[in-house]
There are 2 protein chains.
Amino acid sequence: MNDLSLIEQQEIDQMVLLWLNEVRKKTIAAMQQQLNVYTKNDQRDLVTNVDRENERFLTDKIRHYDTSAHIISEEGFGDRQLTMAGNMWFVDPIDGTMNFVKQQSDFAIMIALYRENKPVLAWILDVVNNIVYHGGPAIGVFANQLKLAPPNNESLSEGIVLLSGARLLYGMFGYDRIAKEALGYRVIGAAGPSFIRVILGQAVGYSSKMMPWDFAAGRILAESLGLLVSDIDGKPLDMLSSNIVLVATDRAHRDILTLHKS
Amino acid sequence: MNDLSLIEQQEIDQMVLLWLNEVRKKTIAAMQQQLNVYTKNDQRDLVTNVDRENERFLTDKIRHYDTSAHIISEEGFGDRQLTMAGNMWFVDPIDGTMNFVKQQSDFAIMIALYRENKPVLAWILDVVNNIVYHGGPAIGVFANQLKLAPPNNESLSEGIVLLSGARLLYGMFGYDRIAKEALGYRVIGAAGPSFIRVILGQAVGYSSKMMPWDFAAGRILAESLGLLVSDIDGKPLDMLSSNIVLVATDRAHRDILTLHKS
């Protein structure tokens with residue numbers, strides 16, 4: 001896969017794990033203080049001082065390490081990118097900011113590295129449980145040091161599906177039909193924690209409308225474990241814009257595409 | 001409150017904590033083995049060998065300790081009760097069995113004690129995180145040893161609301177209007193973990209149709225922290241049958257009752 005050796009990839013992996021360890025400590029410390037919470041596009045679109053400080057910290061680390069880095073990130077410290085050429089880093093400094101603010105659970109910090117549009121490495125840090133899900137197509141996928149096996153290929157009706165609550169509520173994308181067919185559905189309210197559940201085989205699929213920093217890491221980890229990642233019509237994801245993303249087992253992916261179209 | 005002294009209540013609390021420590025170890029050990037999963041009323045109504053073993057273990061402990069105990073429990077080792085007279089124990093040996101089977105997270109073990117229909121003590125064990133939420137109106141509410149403060153009195157639009165996924169999906173109880181008014185909504189798929197989030201102030205309210213063993217413990221802990229617990233019409237709960245239960249902050253309770261009726 002691309003031109004980085006296995007050793008080089010493992011070195012990058014270890015380095016980013018050190019950054020994440022540092023940013024985790026900052027995040028935990030900040031959670032003991034009063035958060036500054038701001039709204040962005042609407043009252044439900046939140047950002048905090050921690051989102052901004054984490055993104056500043058991680059983008060500085062990336063630029064210092066990789067002077068040719070292009071960065072796509074949530075809070076404005078990245079670049080405006082029109083192509084996936086070169087080294088493309090995706091940063092979500094706090095994924096699930098509403099959960100972070102209100103629940104202090106079910107949020108994540110995510111980083112992904114693509115080279116010439118090819119998945120290389122990804123990291124999803126579950127801050128509260130202190131578990132980093134990391135790896136890629138070449139080195140495999142790990143929960144901290146534990147190597148993960150591909151999840152069972154269960155169908156939609158055999159498993160739990162995770163859906164965007166807002167889109168389900170407003171009758172979009174056939175989510176109601178998908179939820180009715182599944183054994184059960186859950187609404188977690190954040191992409192990283194939802195991807196984690198699919199990667200661990202706790203859910204057979206997950207779908208939501210997402211921005212690139214929401215799905216870039218989850219896509220790499222999921223595909224590296226043999227899960228399918230596409231848009232809700234089965235087409236490849238556009239890494240430079242929002243997509244209605246679907247990640248699922250092979251069987252659930254087929255079930256969901258059919259229900260979406262019907 | 002009733003005729004048990006504070007000391008007697010603390011002794012019962014400590015004793016049940018020991019039972020829960022024991023049943024937690026059994027549950028964790030059983031999770032390393034192959035579970036035997038059976039369906040009850042329909043394909044989504046699951047029970048496992050662990051549900052049954054845990055209930056047998058806990059009802060034996062209760063009957064040995066309290067020879068006058070009446071027990072209402074999920075899996076059939078309890079009694080058929082027509083009144084709330086005497087010492088009434090409620091046991092849910094695995095709350096959230098689908099989560100237990102599929103996710104290995106977001107499930108609980110719950111016990112509650114009422115005397116002459118009055119709340120006395122309750123326990124909700126978060127097995128995976130090894131935290132017992134326990135206490136009552138006289139002794140206060142604790143997360144393990146940490147005493148909990150009453151949650152902030154936030155309104156529905158200021159917070160996250162937790163809803164039964166199935167009832168929301170099928171347009172019941174005005175849950176769609178409630179979800180739209182809230183800052184956000186989540187579907188957790190189990191009562192105990194949902195009550196815990198409201199008790200901790202992570203969510204402003206939770207509503208689902210529940211059996212007595214689903215809500216008996218949560219009601220005690222929530223009311224002991226100043227939260228309101230009623231049915232969805234604002235009426236007191238019937239402790240001997242199913243109810244559409246609503247637990248919420250004072251302000252969110254009012255908001256939800258209004259939306260349910262509208």
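Okay, residues lined up against (1) farther than 20 Å from B:Val101 by Cβ; (2) in a strand (DSSP E or B); (3) of a type outside the set (D, E, K, R); (4) within 13 Å of chain B (Cβ to nearest Cβ):
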{"site": "A:Leu125", "(1), (2), (3), (4)": "yes, yes, yes, no"}
{"site": "A:His134", "(1), (2), (3), (4)": "yes, yes, yes, no"}
{"site": "A:Pro150", "(1), (2), (3), (4)": "no, no, yes, no"}
{"site": "A:Val161", "(1), (2), (3), (4)": "no, yes, yes, yes"}
{"site": "A:Arg177", "(1), (2), (3), (4)": "yes, no, no, yes"}
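Which of the following residues is within 11 Å of another protein chain (Cβ to nearest Cβ) and in contact with a Phe, Trp or Tyr (Cβ under 9 Å, 6 or more places away or on another chain): A:Leu168, A:Leu113?
After applying the criteria, what remains is A:Leu168.
For every residue, the table says whether it meets (1) in the same structural domain as B:Ser242 (by TED's automatic domain parsing); (2) over 19 Å from the mean Cα position of the chain (by Cα); (3) of a type in the set (D, E, K, R).
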position: B:Asp45; (1), (2), (3): no, no, yes
position: B:Asp51; (1), (2), (3): no, no, yes
position: B:Thr67; (1), (2), (3): no, yes, no
position: B:Ile72; (1), (2), (3): no, no, no
position: B:Glu75; (1), (2), (3): no, no, yes
position: B:Phe90; (1), (2), (3): no, no, no
position: B:Gly96; (1), (2), (3): no, no, no
position: B:Ala112; (1), (2), (3): no, no, no
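Go through the range B:179-196 and report how many residues are in contact with a strand residue (DSSP E or B) (Cβ under 8 Å, 6 or more places away or on another chain) and not in a strand (DSSP E or B).
12
Go through the range B:206-247 and give me each residue that's farther than 18 Å from B:Glu116 by Cα, of a type in the set (Val, Ile, Thr) and in contact (Cβ under 8 Å) with a residue 60 or more places away in the chain.
B:Ile244 - this is the single residue of the range B:206-247 that is farther than 18 Å from B:Glu116 by Cα, of a type in the set (Val, Ile, Thr) and in contact (Cβ under 8 Å) with a residue 60 or more places away in the chain.
Mind checking whether some residue in the range B:100-122 is surrounded by 24 or more Cβ atoms within 10 Å (Cβ to Cβ) and in a helix (DSSP H, G or I)?
Yes, because at least one residue in the range B:100-122 is surrounded by 24 or more Cβ atoms within 10 Å (Cβ to Cβ) and in a helix (DSSP H, G or I).
Among the residues of the range B:55-82, count how many are touching a residue at least 24 places away in the same chain (Cβ under 8 Å) and within 14 Å of B:Leu113 (Cα to Cα).
Summing the residues that are touching a residue at least 24 places away in the same chain (Cβ under 8 Å) and within 14 Å of B:Leu113 (Cα to Cα) in the range B:55-82 gives 7.
Any chance the range B:75-84 includes a residue that's within 14 Å of chain A (Cβ to nearest Cβ), surrounded by 11 or more Cβ atoms within 10 Å (Cβ to Cβ) and part of a loop (DSSP other than H, G, I, E, B)?
No, the range B:75-84 contains no residue that is within 14 Å of chain A (Cβ to nearest Cβ), surrounded by 11 or more Cβ atoms within 10 Å (Cβ to Cβ) and part of a loop (DSSP other than H, G, I, E, B).
If you check A:Leu227 against the conditions, is it touching a Leu at 6+ places or on another chain (Cβ under 9 Å), within 30 Å of A:Arg80 (Cα to Cα) and surrounded by 24 or more Cβ atoms within 10 Å (Cβ to Cβ)?
So A:Leu227 fits the description; yes.
Would you please name the residue that is farthest from the other protein chains (Cβ to nearest Cβ), looking only at residues in the range A:180-201 that are surrounded by fewer than 24 Cβ atoms within 10 Å (Cβ to Cβ) and more than 16 Å from the chain's Cα centre (by Cα)?
Out of the qualifying residues, it is A:Glu181.
Go through (1) closer than 30 Å to A:Gly86 by Cα; (2) surrounded by 15 or more Cβ atoms within 10 Å (Cβ to Cβ) and name the single condition A:Arg251 misses.
(1)
When you go through (1) modelled with pLDDT under 95; (2) in contact with an Asp or Glu (Cβ under 8 Å, 6 or more places away or on another chain) one by one for B:Ser241, which number turns out not to apply?
The one condition B:Ser241 does not meet is (2).
Which one is nearest to B:Arg197 (Cα to Cα), of the residues in the range B:100-110 that are touching a Gly at 6+ places or on another chain (Cβ under 7 Å) and either facing chain A (nearest Cβ under 8 Å) or of a type in the set (Asp, Glu) (or both)?
B:Asp106
For the range A:170-179, give me each residue that is under 21 Å from the mean Cα position of the chain (by Cα) and of a type in the set (Ser, Thr, Tyr).
Across the range A:170-179, the qualifying residue is only A:Tyr175.
What number of residues within the range A:202-232 are of a type outside the set (Gly, Ala, Ser), within 14 Å of chain B (Cβ to nearest Cβ) and not in a loop (DSSP other than H, G, I, E, B)?
So the count comes out to 1.
Taking the conditions exactly as written (under 24 Å from B:Leu146 (Cβ atoms) and not small (Gly, Ala, Ser)), does B:Leu169 satisfy them or not?
no
The values are calculated or read from the model by the stated rules, or taken from the named source; none is laboratory data. This one's a predicted model, so the numbers in the text were calculated from it and none came from an experiment. Here the Cβ is made from the backbone with ideal geometry for all residues, glycine too, and neighbour counts use every protein chain on show.
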